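Single-structure report; data block below.
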Amino acid sequence: MTVGLPSGVKEGVGETLRTRRRRPSLGHLAVAVAAILAFVANMAFLRSRDDMTRVVVAARPIQAGETIETADLTTTEVRADAGILATLLTSLEGLEGRVARRSLAPGELVGAADLLTGASPDGLVSMSVPTDKAHAAGGMIRVGDRVDVIDVDDAGKAGFVVRNVPVIAVSSESTGAFVGGDEGYVVLGLERSDTLRLAEAIADGRVDIVVTTGVADD
C-alpha cells in the first residue's frame, strides 16, 4: 500500500534534500582553502625568485686603500628596491685593480662608489699611504696631483722617501677631502723599488705628503 504525504510535507522534504545536496562539507571547504593557499604561496615563491638580483659582496676583509684582486670579491643574490640596486655593483667584470674607498667586511654589499678607479700609470705599482689632514695638505689632495712623501724620524730629522709621484686615488674622489673625519689615505703610483722604503716610513708612524703639482723639479 502506498502512503501519500501531504503536499506541504512533500515540498519540505524536497527542499531539505536539495539543501543537503548543495551545502559543501567543512572538509571540502578546508581542502579548497588549502589548495588556494598553496597556489598563492607557490606564486609568491616564484615571484620572489624572479625579483632576486645578483650583486657584488666582499669575500674577505678589505681595508680602505687596498687594491682589489680577483679573490677579494664574490657575488650573492638579494632582493631590494630598484633605487638601492642602482647604487650596487652587479658584476665582477672590470673590478680588479680598483682601490677600496672604505673598509669592507666579509659579505658586505659593495656599492659603485666604494671602489675607485685607481689604475697605475704604465710601469708603476699602486700603494696606499694612510695619513691625516694635518700631514697631507689639509686633506685637499686630488687624483692627478703630484706629491712628495717626507719621512720624519724619532730624532726629528726629515728626508724624502719619494718625490714627484702621481696620486691615483684618494679617500673621496669627488672632493679630495678625507672620508670619515680627519683620517684618510692617498694611493700613489710608485716604482717597485720605492715600495719597501715607503712601507718602512709608514711603519715609523710619521710621514708628510706635500703637493708639488706644477712645481718644477729641483
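Side notes on the structure shown:
- Two-site FRET efficiency, THR117 against LYS157, from Cβ-Cβ distance with R₀ of 41 Å, rounded to 0.05: 0.65
- Size descriptors for segment 47-138, from the alpha-carbon set: Rg then Dmax equal 15.3, 54 Å.
- When the Cα gyration tensor is reduced to axis lengths a ≥ b ≥ c, the ratio a/c is 1.5 or higher for segment 125-211, and with a/b not above b/c it is classed as oblate.
- Estimated at 0.36 nm per residue, the fully extended path between ALA134 and ALA199 surpasses their Cα-Cα distance by 21.4 nm.
- Distance between modelled label sites at ARG206 and THR76, nm, 7 Å Cα→Cβ extension: 4.4
- Whole-angstrom gap from segment 57-78 to segment 145-172, using each part's C-alpha centre: 28
- Computed from the Cβ-Cβ distance with R0 of 45 Å, the FRET efficiency linking ARG60 to ASP148 stands at 0.85.
- Cα→Cβ-extended label distance, 7 Å offset, between GLU96 and GLU69, nm: 1.1
Coordinate-derived values only; no laboratory data. Predicted model only: the values in this text are computed from it and were never measured. Reconstructed Cβ throughout: ideal geometry from the backbone, glycine too, with neighbour counts over all protein chains shown.
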